[in-house]
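Comments concern the structure below.
The values are calculated or read from the model by the stated rules, or taken from the named source; none is laboratory data. In this text, all values refer to a predicted model and were calculated from it rather than measured experimentally. When we count neighbours, we look across all protein chains shown, and the Cβ atoms used for this are built from the backbone with ideal geometry, even at glycine.
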């Protein structure tokens with residue numbers, strides 16, 4: 001099943017199951033059929049183009065494997081090419097000189113800022129851990145002996161372009177993919193360990209669709225960590241007496257049930273018990289950032305906040321002690337949402353942090369995580385806020401080559 005092939009109108013039977021089963025829209029079947037028909041005809045929709053989070057659940061729900069997500073992305077692409085992007089959206093766009101990630105990186109503690117500067121080294125390295133944009137804004141995740149001996153290389157300039165893909169900005173997808181390939185080839189990288197499922201998906205599934213293949217072998221960090229445990233390279237000193245609910249990565253479901261079981265296997269080895277959310281697996285909700293992907297939203301704070309609060313509500317309903325995620329983006333979004341919802345007090349841990357705890361290492365406290373979330377929110381308020389009242393629209397210029 002190729003979840004990244006173009007929408008196939010011959011396969012689509014207008015059954016409406018894709019949008020009826022969508023965890024975000026949950027449309028009645030009759031409305032879902034009408035929305036799909038509008039999408040196919042190139043007409044304005046009442047809900048899907050405005051509220052879709054491009055999480056690919058509809059591709060998994062489609063009984064005919066017609067790939068409706070790609071139809072939504074195509075319509076978004078047409079709209080942005082024609083009308084431009086609302087100016088407020090630029091603050092969340094990778095590679096912009098000032099964006100929500102660069103704001104956080106510029107305010108990292110000195111020791112973490114030094115780590116990020118070190119990761120920007122571009123001398124040859126056959127095997128690297130490619131941190132991706134989200135890890136670069138949370139470099140404390142790398143302070144563990146679980147990554148001992150691993151070379152970490154990456155920068156915000158070497159973004160994989162996943163945000164562009166989820167927004168339908170296909171020109172930027174191709175440009176960022178070409179930059180990333182040149183960046184890796186320049187370092188003669190043969191093997192990548194990727195902690196970010198978004199980056200993994202881009203490298204394995206999306207970039208080849210744009211004619212860009214990486215020569216390097218690419219592996220996700222969770223199976224790599226499981227092997228280190230199997231080989232005795234990592235020895236835990238205690239079992240964690242915790243019940244967690246897993247905040248699924250949007251991409252976890254695209255890699256299949258076996259992939260989604262790997263984080264749960266790692267948790268089980270650490271003594272952690274998992275309580276699944278009402279919406280999980282193929283129907284899991286995004287952490288909230290995707291609430292802003294549509295051109296209609298262009299990362300409007302109200303849309304992003306609403307989506308994040310819904311994810312937190314799902315987690316809270318489980319009664320779990322904490323939220324565990326294997327996506328560093330979720331690790332940042334959920335504490336940001338907790339600033340707006342005092343009922344959501346569950347600690348949020350990255351899988352690697354739970355491993356650190358089992359190894360007897362300290363982890364960042366939730367107070368500090370919420371302070372960092374407040375820093376990110378301050379950047380949004382300061383730089384995106386003035387654009388909320390503007391009707392100005394922008395067309396993103398082509399990406400140039402990365403500076404050496």
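What to note about this one:
- The residues of segment 302-311 that are farther than 18 Å from residue 378 by Cα and within 16 Å of the chain's Cα centre (by Cα), listed by number, are 307, 311.
- Residue selection: residue 47 fails the criterion of being at pLDDT below 95, at negative phi, within 26 Å of the chain's Cα centre (by Cα) and surrounded by fewer than 20 Cβ atoms within 10 Å (Cβ to Cβ).
- Members of segment 297-319 found to be under 18 Å from residue 272 (Cβ atoms) and either crowded, with 21+ Cβ neighbours inside 10 Å or outside the structural domain of residue 351 (by TED's automatic domain parsing) (or both), listed by number: 315
- Some residue of segment 5-12 being closer than 22 Å to residue 285 by Cβ and outside any helix (DSSP H, G or I): no
- Looking across segment 64-76, just one residue is at positive phi and crowded, with 17+ Cβ neighbours inside 10 Å, and that is 67.
- Extreme residue, farthest from the chain's Cα centre (by Cα), among residues of segment 144-156 that are surrounded by fewer than 17 Cβ atoms within 10 Å (Cβ to Cβ) and either in contact (Cβ under 8 Å) with a residue 40 or more places away in the chain or part of a helix (DSSP H, G or I) (or both): 145
- Residue among 90, 79 that alone is touching a residue at least 60 places away in the same chain (Cβ under 8 Å), in contact with a strand residue (DSSP E or B) (Cβ under 8 Å, 6 or more places away or on another chain) and surrounded by 14 or more Cβ atoms within 10 Å (Cβ to Cβ): 90
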